[in-house]
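First comes the structure, then the notes that go with it.
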Amino acid sequence: MTHDHDLVLRPTDQQTAAALNPPPGRNGGDLVVETLAGLGATTVFGLPGQHALGMFDALRRSSLRYVGLRVENNAGFAADAYGRITGEAAPLLLSTGPGALTSLAALQEAAAASAPVLAISSQIPTAGLGGGRHGYLHELPDQAASFRGVVKSVHTVRTQSQIPSAIAAAWKSALTAPHGPVWVEIPQDVLLAEASLPVVTAMDATPEGLVPRPELTALAAHLLSHAARPAIIAGGGVVRADASGKLKALAERLQAPVVTTFGGKGAFPWNHPLSLQSWLEDRHTTDFLEDADVLLVVGSGLGELSSNYHTFKPRGRVIQIEADLGKLESNHPAVGIHADARLALQALLETVEERPDDRAPQRVRDLLARVSERIASQDLALEQQVLASVRRALPSDSPSFWDMTILAYWAWSAFDAQGPNTMHSAQGAGGLGYGFPAALGAAAADPSRPVLAVSGDGGALYSIAELATARQYDLPVTWLIVDDGGYGILREYMTDAFGQATATELTRPDYVALAESFGVPGVRTTPEALEEDLTKALATPGPSVVVLPAVLRMFAPTHLG
């Protein structure tokens, strides 16, 4: 009698011969790149460093495409965007110490946004591991400790035979819902030593699906089917699970209005009769959601931005579908369903009853009218004109990446993403410098369509060096820089709070001349000419920069009263 675990695939004669006679001239770095290729990776991002040279030398013997950025943190942002666009784990190759640590802010964003990034760093030589003070270059007592509070999992390699399994385990971790960044570190001597092991071939690191418990989906279906005023909050988990079609089908069956979080932009059609759009920083929307007798929250933890800064206090029954166990019921009591959004929505579609409600579309129209009236009363025509120009200029299937800047804060609430997985921002962790390097990562993933990056002048200075990367790889990214002479949102916050701003004003370069010095065409535009200039730049192959000198204002908050 045999069991499944007793069955082992026998190697072919060709495989046996290859194993007995591995090609010469390989090192530990070859085991890294062979494992990545065996897992299905095609593109890697990163920056070389002394301890990591074994990995980078191996790249020239590999079929992997390397996209090198100028700053490790920017390389992390590029890998983050590649992972968001493709759904694949994006390898990020880094060196020890300062190189590794410089990526931390990008990995925090990837963790907050559940972007699958596979960071592989070198380490000091094996003899120095363990916390002793040996004086190696880049030495840290415990490099991995700096990453444990940021990434999903940490994997330290000490021998060459551990490399394939450690990377495969990290790959599986990165792609298991919820997706996220992971960390692998390999000592310099292990990477440089001659490799006598066979060439790594196909690796199996298939993540297991996160299936909902049937008794919970049965209860949720019953509550939703018999609700008087159901509503749905759709978060980034819907986009990551490619579940927007199932969400639309469920909302229509229940006649439940849907609002998308800022991380869930595009999860539900913007102009659908049941779409509340994304006006979460609006008290009218907060009141509407509080009034729901059954509220379905899919793929969101209802954190600060998704809860109108924690002023949202639901009065009805909450059902929360969330892949991240730590977010389940972390802010509100709920029927908590720990599951992938796609699988949970499918289970609800199979069990929920159709619920007619002729009043729902009118309730949605009434709410959006109240939101529109509130914004119209604040003399914000310039801001709305600029955002509308960007939307008209950007092709509907082109992705956009937004830095932490006033125009992005407008876009969170007011921009029609025109499809799932097309609008991304750094709102997960809230760090500056995300937009442009992330757009480069997206363009590396799919160079067939133009990509838009949006930054303020403050955020632009974080990633200006990547103009060289854009030119080197001829990536089709148009970078819109809204130049207001400082950290605009901080200027506004401080003026509102203290009567004047401190440390917010910036001396900045001539961005058009700077772009042209990198060989990247640049143009200075106006609000009136923005649509035409942006349309032309996006239609022109390769990178470009469009600079808009303008001081934009935010709409008044509703959470402070």
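The values are calculated or read from the model by the stated rules, or taken from the named source; none is laboratory data. Quantities reported herein were computed from a predicted structural model and do not represent experimental measurements. Note that each Cβ is placed from the backbone with ideal geometry, even for glycine, and that neighbours are counted across all protein chains shown. Note: areas computed on protein heavy atoms with side chains; ligands, DNA, RNA excluded. Shrake-Rupley method; radii C 1.70, N 1.55, O 1.52, S 1.80 Å.
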Test P420 against the criterion of being in contact with a Gly (Cβ under 6 Å, 6 or more places away or on another chain), open to solvent by 30 Å² or more (accessible area, probe 1.4 Å) and in a loop (DSSP other than H, G, I, E, B), and give yes or no.
yes
Hey, R392 hits all of (1) closer than 30 Å to G83 by Cα; (2) surrounded by 15 or more Cβ atoms within 10 Å (Cβ to Cβ); (3) not small (G, A, S) but one; which does it fall short on?
(2)
Filter the stretch 180-196 for residues that are part of a loop (DSSP other than H, G, I, E, B) and touching a Lys or Arg at 6+ places or on another chain (Cβ under 6 Å) and give the result.
G180, A195
A careful count of residues in the stretch 450-464 that are farther than 21 Å from A90 by Cβ, open to solvent by less than 10 Å² (accessible area, probe 1.4 Å) and of a type in the set (A, V, I, L, M, F, W, C) gives 2
Every listed condition ((1) out of contact with any His (no Cβ under 7 Å at 6 or more places or on another chain); (2) farther than 11 Å from W183 by Cα) holds for S95 save (1)
Filter the stretch 424-449 down to the residues that are more than 14 Å from the chain's Cα centre (by Cα), touching a residue at least 40 places away in the same chain (Cβ under 8 Å) and open to solvent by less than 30 Å² (accessible area, probe 1.4 Å) and list them by number.
A444
Answer yes or no as to whether L467 is at pLDDT 95 or above, surrounded by 17 or more Cβ atoms within 10 Å (Cβ to Cβ) and assigned to a helix (DSSP H, G or I).
yes
Residues of the stretch 515-552 satisfying the condition of being surrounded by 16 or more Cβ atoms within 10 Å (Cβ to Cβ) and within 30 Å of T286 (Cα to Cα):
L552
Here are the criteria: (1) under 28 Å from the mean Cα position of the chain (by Cα); (2) aliphatic (A, V, I, L, M); (3) open to solvent by less than 10 Å² (accessible area, probe 1.4 Å). Tell me which single one L367 does not satisfy.
(1)
Meets criteria (at pLDDT 95 or above and closer than 24 Å to G209 by Cα) for V67:
no
Can you name every residue in the stretch 200-215 that is over 29 Å from the mean Cα position of the chain (by Cα) and surrounded by 13 or more Cβ atoms within 10 Å (Cβ to Cβ)?
V200, T201
With the requirement that a residue be among the small types (G, A, S), crowded, with 24+ Cβ neighbours inside 10 Å and either farther than 9 Å from G264 by Cβ or free of Cβ contacts under 8 Å to residues at least 12 places away in the same chain (or both), what does the stretch 233-250 give you?
A241, A243
Six or more apart or on different chains, Cβ atoms under 6 Å: show the pairs whose first residue is in the stretch 216-232 and closer than 20 Å to V364 by Cα and whose second is open to solvent by 40 Å² or more (accessible area, probe 1.4 Å) and in a loop (DSSP other than H, G, I, E, B).
S225/E353; A227/D293; A228/D293; R229/D293
Which count do you get for residues in the stretch 132-181 that are of a type in the set (D, E, K, R), surrounded by 19 or more Cβ atoms within 10 Å (Cβ to Cβ) and out of contact with any Ser or Thr (no Cβ under 9 Å at 6 or more places or on another chain)?
0
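State yes or no: is A106 of a type outside the set (D, E), under 14 Å from the mean Cα position of the chain (by Cα), closer than 19 Å to D446 by Cβ and open to solvent by less than 40 Å² (accessible area, probe 1.4 Å)?
So A106 does not fit the description; no.
Test G488 against the criterion of being free of Cβ contacts under 8 Å to residues at least 40 places away in the same chain and of a type in the set (G, A, S), and give yes or no. Don't jump to the end; show me each part of the working.
Details: free of Cβ contacts under 8 Å to residues at least 40 places away in the same chain: no; of a type in the set (G, A, S): yes.
Here the answer is no, as G488 does not meet what is asked.
Taking the residues in the stretch 513-540 that are of a type in the set (D, E, K, R) and not in a helix (DSSP H, G or I) as candidates, determine which candidate is farthest from V482 (Cα to Cα). Outline the logic, then answer.
Kept after step one, since they are of a type in the set (D, E, K, R), are these residues of the stretch 513-540: 516, 524, 528, 531-533, 536.
After this cut, where a residue has to be not in a helix (DSSP H, G or I) as well, the list is 524, 528.
Numbers: R524: 10, E528: 14 Å.
So, considering only residues that are of a type in the set (D, E, K, R) and not in a helix (DSSP H, G or I), the one farthest from V482 (Cα to Cα) is E528.
Answer yes or no as to whether P125 is closer than 28 Å to M203 by Cβ, within 15 Å of the chain's Cα centre (by Cα), open to solvent by less than 40 Å² (accessible area, probe 1.4 Å) and not acidic (D, E). Step through it out loud before you land on a result.
Numbers: closer than 28 Å to M203 by Cβ: yes; within 15 Å of the chain's Cα centre (by Cα): no; open to solvent by less than 40 Å² (accessible area, probe 1.4 Å): yes; not acidic (D, E): yes.
So P125 does not fit the description; no.
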Listed by first then second residue, the pairs whose first member lies in the stretch 20-48 and is more than 23 Å from R158 (Cβ to Cβ) and at pLDDT 95 or above, whose partner is of a type in the set (D, E) and buried (at least 18 other Cβ atoms within 10 Å of the Cβ), with beta carbons under 6 Å and at least 6 positions apart or on separate chains, are L47/E72
Number of positions in the stretch 509-535 that are touching a strand residue (DSSP E or B) at 6+ places or on another chain (Cβ under 8 Å), of a type outside the set (D, E) and either touching a residue at least 24 places away in the same chain (Cβ under 8 Å) or farther than 23 Å from A465 by Cβ (or both)
14
Quick one: W479 ticks every box in (1) open to solvent by 10 Å² or more (accessible area, probe 1.4 Å); (2) out of contact with any Gly (no Cβ under 7 Å at 6 or more places or on another chain) except a single one, so which number is it?
(1)
Scope the stretch 149-172; condition closer than 30 Å to D242 by Cβ, outside any loop (DSSP other than H, G, I, E, B), touching a residue at least 24 places away in the same chain (Cβ under 8 Å) and not hydrophobic (A, V, I, L, M, F, W, C); matching residues:
H155, P164, K172
Matching residues, the stretch 345-382, being assigned to a helix (DSSP H, G or I) and more than 22 Å from L280 (Cβ to Cβ)
Q346, A347, L348, L349, E350, T351, A381, L382
